[in-house]
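The values are calculated or read from the model by the stated rules, or taken from the named source; none is laboratory data. Being a predicted model, the structure only gives us computed values, none of them experimental. Cβ sites come from the backbone with ideal geometry, for glycine too, and all protein chains shown count toward neighbours. Keep in mind that these areas ignore ligands, DNA and RNA; they rest on the heavy atoms of the full protein, side chains included. Shrake-Rupley method; radii C 1.70, N 1.55, O 1.52, S 1.80 Å.
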Amino acid sequence: MKKCAFITGITGQDGSYLAKFLLKKGYKVHGLKRRASLINTQRIDDIYEDNFQSRKKFFLHHGDMTDASSLQSIIEKIKPDEIYNLAAQSHVAVSFEQPEYTANTTALGTLRLLEIIRQTNRKIKFYQAGTSELYGGIYKKKQNEKTPFHPRSPYAIAKLYSHWLTKNYRDAYGIFACNGILFNHESPLRGETFVTKKIVSALVKIKYGMQKKLYLGNIYSRRDWGHAKDYVEAMWLMMQKKKPEDFVISTGKQISVKKFVNLVCDVLKIDIYWNEKNKFPYATDSKNKVIIQTSSKYFRPTEVNTLVGDSKKARKILKWKPKYDLRKLVNEMIDYEIYLHKNVKKKF
Ligand code: NAP
Ligand code: G4F
């Protein structure tokens with residue numbers, strides 16, 4: 001019989017890649033969708049459009065992580081074998097502005113799902129979308145499953161609650177519940193306000209005369225950036241093991257936001273010159289025009305300066321390894337951005 005999965009956060013970056021991945025594996029896929037005044041299914045519309053068959057395998061249900069009754073009626077109706085909890089207020093900077101909403105969705109949302117599993121069917125497997133933000137202010141060379149946590153934002157603290165809750169429901173009730181501790185992962189479908197997508201999108205537009213300047217925050221913070229497509233495979237692999245365990249998923253390499261900008265400029269053949277003597281560094285192009293300006297608007301009250309993961313456990317036990325390197329990821333993101341603006345580009 002076909003396996004049935006329920007994905008919360010299916011309209012997001014990871015949700016869309018995971019849905020496609022599971023459909024290819026022959027799953028029936030159900031997703032949670034919030035009601036919005038504008039259409040919010042752009043990332044998954046192609047599942048309907050490209051694959052006539054998927055109409056019988058792919059279903060969306062209205063609901064919200066803050067509304068237990070909607071989650072309960074969906075789960076009781078569809079009877080999933082696996083739940084992937086990807087829904088969250090996932091933006092670190094926004095979590096400082098909306099800490100209570102972040103806790104409600106990102107922490108209590110997990111509790112709502114686990115309670116439904118505990119009360120209705122403890123055989124449902126549960127994946128929790130954990131994050132490298134849990135490590136926050138820990139300055140270990142590389143972070144793995146044994147590294148202590150030191151969250152530095154309301155978002156990371158909400159995720160910490162979900163991390164421990166997932167472990168607790170595993171220990172207390174024998175539920176197959178696992179945490180993926182995923183380091184940053186990007187793609188052409190990344191949300192517009194995360195730094196990689198913001199940089200790629202702006203520099204493509206600057207290159208074609210559609211935008212003048214890119215404003216950034218802390219260009220010195222360093223991240224371990226992988227591709228979302230590789231990372232959703234790891235989620236599924238964790239759920240296929242006999243025993244539920246937690247795994248770090250990462251590339252093991254990090255670069256700074258500034259170096260990421262330089263890499264994108266290199267691919268786009270934009271010459272840039274950094275001036276870092278000011279409190280707010282900026283960069284000019286070959287005509288001495290400022291095209292990148294840092295601004296306090298994008299600084300966070302507490303920053304996570306460096307993250308780089310050690311995913312040896314996943315590589316050994318799950319036999320997982322990333323297929324994308326950073327250059328391939330950047331090329332794909334740039335190609336997609338150029339494709340998006342192709343028609344507009346013709347005007348210039
Ligand atoms: P994303 O693109 O921001 O997607 C978040 C999803 O959650 C969207 O589908 C969003 O719906 C949904 N959502 C938010 N609040 C909700 C609510 N109250 N009720 C129902 N749905 C709600 O995030 P992502 O990059 O795909 O990440 C997926 C998960 O992994 C998140 O939990 C994130 O915190 C975690 N994570 C991400 C990374 C990363 O680098 N990408 C790394 C570690 C962990 P709308 O489309 O309606 O907004
Ligand atoms: O792209 P970011 O917003 O990602 P961040 O904060 O690392 O969080 C992402 O990854 C986490 C995993 O570690 C996920 F859990 C989380 O859900 C999310 O997907 O920022 C990356 C870095 C930060 O240090 C930030 O301060 O880039 C810096 N940055 C500099 N200028 C900026 C900007 N970030 C954003 N979003 N916008 C800027 O203009």
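Only beta bridges with both residues in the chain are counted; by DSSP, about 20 percent of them are antiparallel. Annotation: amide H-H contacts under 5 Å for residue 255 (H modelled 1.01 Å from N, sequence separation of 5 or more, or interchain): 223, 225. Taking amide H as placed 1.01 Å from N in the peptide plane, residue 125 has its amide H under 5 Å from the amide H of 82, 83, each at least 5 places away in sequence or on another chain. Counting only protein chain heavy atoms and rolling a 1.4 Å probe, the accessible areas of 126, 96 rank, largest first, as 96, 126.
Rounded to the nearest 0.05, the FRET efficiency derived from the C-beta distance between residue 269 and residue 25 at R0 = 30 Å is 0.15. Net length available on complete extension from residue 96 to residue 69 is 6.9 nm, with 0.36 nm assigned per residue and the Cα-Cα distance removed.
Sequentially through region 30-41, phi angles give Karplus couplings (6.51, -1.76, 1.60; θ = phi - 60°) of 10, x, 8, 10, 7, 6, 9, 6, 10, 4, 10, 10 Hz, Gly and Pro residues having no value and appearing as x. From helices alone, the chain scores -11000 deg cm²/dmol at 222 nm; the rule is -39500 (n - 2.57) for each run of n ≥ 4 DSSP H residues, then divide by the residue total. For the cross-link pairs 141/328; 123/312; 20/123; 24/316; 198/269; 197/241, the ones whose C-alpha atoms lie over 22 Å apart are 141/328; 123/312; 20/123; 24/316; 197/241. The C-alpha radius of gyration of the chain, expressed as a fraction of 2.2 N^0.38 Å, stands at 1.01.
Partner aspartates and glutamates whose Cα lies under 13 Å from the Cα of residue 212, excluding those fewer than 8 positions away in the same chain, are identified as 285. Accessible surface computed residue by residue for region 65-119, with neighbouring protein chains in place and a 1.4 Å probe, gives 41 Å² per residue.
With the alpha-carbon atoms of region 127-240 aligned to their principal axes, the span from lowest to highest coordinate is 58, 30, 24 Å, starting with the largest.
With protein chains left intact and a 1.4 Å probe, residues in region 254-348 average 62 Å² of accessible area per residue. With a simple spin-label model that places each label point 7 Å from the Cα along the Cα-to-Cβ direction, the separation between residue 279 and residue 215 comes to 1.6 nm. Run the accessible area of the chain with a 1.4 Å probe and give the carbon-and-sulfur part as a rounded percent. Within the chain, the accessible surface is 52 percent carbon and sulfur. The slack in the chain from residue 120 to residue 299, taken as 0.36 nm per residue of separation less the alpha-carbon distance, amounts to 60.0 nm.
Taking amide H positions as modeled 1.01 Å from N, with prolines and chain starts lacking one, the residues under 5 Å from residue 131 and 5 or more places away or on another chain are 182.
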